[in-house]
Amino acid sequence: GIQVEQSPPDLILQEGANSTLRCNFSDSVNNLQWFHQNPWGQLINLFYIPSGTKQNGRLSATTVATERYSLLYISSSQTTDSGVYFCAVEQRLITGFQKLVFGTGTRLLVSP
Amino acid sequence: DAGVIQSPRHEVTEMGQEVTLRCKPISGHDYLFWYRQTMMRGLELLIYFNNNVPIDDSGMPEDRFSAKMPNASFSTLKIQPSEPRDSAVYFCASSKRTKDYEQYFGPGTRLTVT
């Protein structure tokens, strides 16, 4: 099956710093999502981005499908950005939908 | 929209007992997914439904696990009998496949089996 690797596994930032999280995947995909799992465990949708670039406030994401990677940018980080960031990809087979495969996540801690 | 609703939020039970987790998907969504999150295995798909029909249950760990979706607005995941290794957070998610494939997750049920 498809492999999803995220880097770095852990990241510690000072409030106000910028960061880039990376997601590499081993095969072509039809869907890629970025999630933020907050300290209370809730999985929050950040981006649905199978290709191209999107921005939402201080966050932006870019997926280069042909090169099989996606990047999540966090600018001017805040303590509320702390948590685990997951990349998840879906690879559709000829039979139809294929399961969403999650990476192992990047654990981010933003200190005041 | 209220989002995906799960109940209970926390469940503590003794080994051997039956556990039932509940999920209400977002109205109008035609796909429903059950995931399990553990430290060892991360987030993994257990089963998913399309229009209330189970499509792929290959992720269900064993026969002790069963899932049903009697109608478009309700699904259950049952574990009988429960074991300590079933302790995990169980998420339900839903999506609507007419436009894109974005999945939306519920708050999860934290299950502890002692």
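The values are calculated or read from the model by the stated rules, or taken from the named source; none is laboratory data. Predicted model only: the values in this text are computed from it and were never measured. Positions of Cβ are backbone-derived with ideal geometry, glycine not excepted, and every protein chain shown enters the neighbour counts.
Details
So that you can scan it fast, the table gives a plain yes or no per residue for (1) under 10 Å from the mean Cα position of the chain (by Cα); (2) under 26 Å from B:R110 (Cβ atoms):
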{"position": "A:P8", "(1), (2)": "no, no"}
{"position": "A:Q14", "(1), (2)": "no, no"}
{"position": "A:F25", "(1), (2)": "no, no"}
{"position": "A:Q33", "(1), (2)": "yes, yes"}
{"position": "A:Q42", "(1), (2)": "no, yes"}
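- Scanning the range A:21-39 for residues that are within 8 Å of chain B (Cβ to nearest Cβ) and assigned to a loop (DSSP other than H, G, I, E, B) turns up just one, A:N30.
- Counting only strands (runs of 3 or more DSSP E) wholly contained in the range B:29-98, no element carries 1 or more residues that are under 17 Å from B:T13 (Cβ atoms), within 13 Å of chain A (Cβ to nearest Cβ) and without any contact (Cβ under 8 Å) to a residue 40 or more places away in the chain.
- Matching residues in the range B:32-63 - criterion: being under 22 Å from B:R110 (Cα atoms), surrounded by 15 or more Cβ atoms within 10 Å (Cβ to Cβ) and of a type in the set (D, E, K, R): B:R36, B:E44, B:D57
- Lone qualifier among A:Y69, A:Y73 - being over 24 Å from B:F49 (Cα atoms), among the aromatic types (F, W, Y) and buried (at least 16 other Cβ atoms within 10 Å of the Cβ): A:Y69
- If you go through the range A:60-86 and keep only what is part of a strand (DSSP E or B), among the small types (G, A, S) and touching a residue at least 40 places away in the same chain (Cβ under 8 Å), you end up with A:S70, A:G83.
- Qualifying residue in the range A:90-99 (condition: part of a loop (DSSP other than H, G, I, E, B), under 11 Å from the mean Cα position of the chain (by Cα) and closer than 30 Å to B:D30 by Cα): no
- Of the residues making up the range A:1-20, just one is aliphatic (A, V, I, L, M), part of a loop (DSSP other than H, G, I, E, B) and over 21 Å from B:R41 (Cβ atoms), namely A:A17.
- For the range A:24-44, a tally of residues being loosely packed, with under 14 Cβ neighbours inside 10 Å, free of Cβ contacts under 8 Å to residues at least 24 places away in the same chain and of a type outside the set (V, I, T) returns 1.
- Residue in the range A:44-59 that is touching a Gly at 6+ places or on another chain (Cβ under 8 Å), outside any loop (DSSP other than H, G, I, E, B) and modelled with pLDDT of 95 or more present: no
- Filtering A:T62, A:T53, A:T66 for residues that are more than 14 Å from chain B (Cβ to nearest Cβ) and more than 16 Å from the chain's Cα centre (by Cα) leaves a single hit, A:T66.
- Qualifying residue in the range B:10-17 (condition: in contact (Cβ under 8 Å) with a residue 40 or more places away in the chain, outside any strand (DSSP E or B), farther than 13 Å from B:R110 by Cα and within 14 Å of chain A (Cβ to nearest Cβ)): no
- B:G108 free of Cβ contacts under 8 Å to residues at least 12 places away in the same chain and out of contact with any Asp or Glu (no Cβ under 6 Å at 6 or more places or on another chain): no
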